[in-house]
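K.L.:
Got a structure here, written out as C-alpha cells. Questions coming.
The values are calculated or read from the model by the stated rules, or taken from the named source; none is laboratory data. Predicted model only: the values in this text are computed from it and were never measured. Here Cβ is always computed from backbone atoms with ideal geometry, including for glycine, and neighbour counts include all displayed protein chains.
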Amino acid sequence: MVDTNHISPSKGEEAEALAQQTTSLVDQGRWRICNDGKGLERQFKFKTFKATWDFMNAVAAECKKQRHHPEWSNVYNKTHIRWTTHDPEGLSSKDTFMARFCDDKGAEYGEREPDGSEESAGDGAGSLQAGDCCVGKKGDGSA
C-alpha cells in the first residue's frame, strides 16, 4: 500500500484517494513513484517499432482529449513514460488515469513482459538502451 507520505499530491487532490489509485499502479503493476513522489514512471516494450509507435499514437490521442501530456522517450521497441503534473506541481488523478490508460493500451498493442533487466532500465532521467534494434540477425554478417 502506497502511504500518503510517499506521494506529493498536486494542489486540490485528495491525498488518500490518490494514494489508493497509486497503490493499484505500483503494487499490482509495474509503475514506480519518482520525482520525490510527484510522478509515476515505467517502461513499455513491444515486439516491433511499429507496435511501439502505434501505442504511442494511441496515448498521444488520449493526451489531446485529456489535455495532459507525458514526459517520454522512445528507442526502437521501448518507450519510457513519466506522468507528473506541472501546474499545479505534483502527482494528480490525471497522472494515475493516464498511467492506467497506458497499461490498457500496452496490453492492446501486445506489450511484452520485461526480462528482468528492463524494469531498472530507467535511470530516473528516462534513458533507454537501443537493445536489439541495431544488432544484425545472427549469421547475416550485419552489425
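K.L.:
Please state which of the following conditions ASN77 fails to meet, knowing it meets all the rest: (1) in contact with a helix residue (DSSP H, G or I) (Cβ under 6 Å, 6 or more places away or on another chain); (2) crowded, with 18+ Cβ neighbours inside 10 Å; (3) closer than 24 Å to GLU13 by Cα; (4) not aromatic (Phe, Trp, Tyr).
P.N.:
Going through (1) in contact with a helix residue (DSSP H, G or I) (Cβ under 6 Å, 6 or more places away or on another chain); (2) crowded, with 18+ Cβ neighbours inside 10 Å; (3) closer than 24 Å to GLU13 by Cα; (4) not aromatic (Phe, Trp, Tyr) one by one, ASN77 breaks only (3).
K.L.:
What number of residues within segment 1-23 satisfy the criterion of being in contact (Cβ under 8 Å) with a residue 60 or more places away in the chain and either of a type in the set (A, V, I, L, M, F, W, C) or buried (at least 16 other Cβ atoms within 10 Å of the Cβ) (or both)?
P.N.:
The total comes to 9.
K.L.:
Pull up segment 80-113, narrow it to residues that are over 17 Å from GLN28 (Cβ atoms) and hydroxyl-bearing (Ser, Thr, Tyr), then point me to the one that is surrounded by the fewest Cβ atoms within 10 Å (Cβ to Cβ).
P.N.:
Taking the candidates together, the pick is SER93.
K.L.:
Can you pull out every residue in segment 9-55 that is over 18 Å from the mean Cα position of the chain (by Cα), over 17 Å from MET98 (Cα atoms) and not in a helix (DSSP H, G or I)?
P.N.:
Answer for segment 9-55, where residues must be over 18 Å from the mean Cα position of the chain (by Cα), over 17 Å from MET98 (Cα atoms) and not in a helix (DSSP H, G or I): LYS11, GLY12, GLU14.
K.L.:
Just for segment 71-99: of the residues that are hydrophobic (A, V, I, L, M, F, W, C) and outside any strand (DSSP E or B), which one is farthest from the chain's Cα centre (by Cα)?
P.N.:
PHE97
K.L.:
Suppose we filter THR79, THR84 for residues that are β-branched (Val, Ile, Thr), in contact with a strand residue (DSSP E or B) (Cβ under 7 Å, 6 or more places away or on another chain) and closer than 21 Å to ASP115 by Cα; which single one remains? So that I can check it myself, show each step before the final result.
P.N.:
Details: THR84 fails: closer than 21 Å to ASP115 by Cα.
Residue meeting the stated conditions: THR79.
K.L.:
On the basis of being crowded, with 18+ Cβ neighbours inside 10 Å, modelled with pLDDT under 95 and of a type outside the set (A, V, I, L, M, F, W, C), does GLY116 make the cut? Walk me through it before giving the result.
P.N.:
Numbers: crowded, with 18+ Cβ neighbours inside 10 Å: no; modelled with pLDDT under 95: yes; of a type outside the set (A, V, I, L, M, F, W, C): yes.
Considered against the rule, which asks whether it is crowded, with 18+ Cβ neighbours inside 10 Å, modelled with pLDDT under 95 and of a type outside the set (A, V, I, L, M, F, W, C), GLY116 comes out as no.
Residues are listed down the side, and each one gets a yes or a no for (1) closer than 19 Å to GLU108 by Cα; (2) surrounded by fewer than 17 Cβ atoms within 10 Å (Cβ to Cβ):
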| site | (1), (2) |
| --- | --- |
| ASP27 | no, yes |
| ILE33 | no, no |
| ASP36 | no, yes |
| PHE46 | yes, no |
| LYS50 | yes, yes |
| MET56 | yes, no |
| ALA60 | yes, yes |
| ARG67 | no, yes |
| PRO70 | no, no |
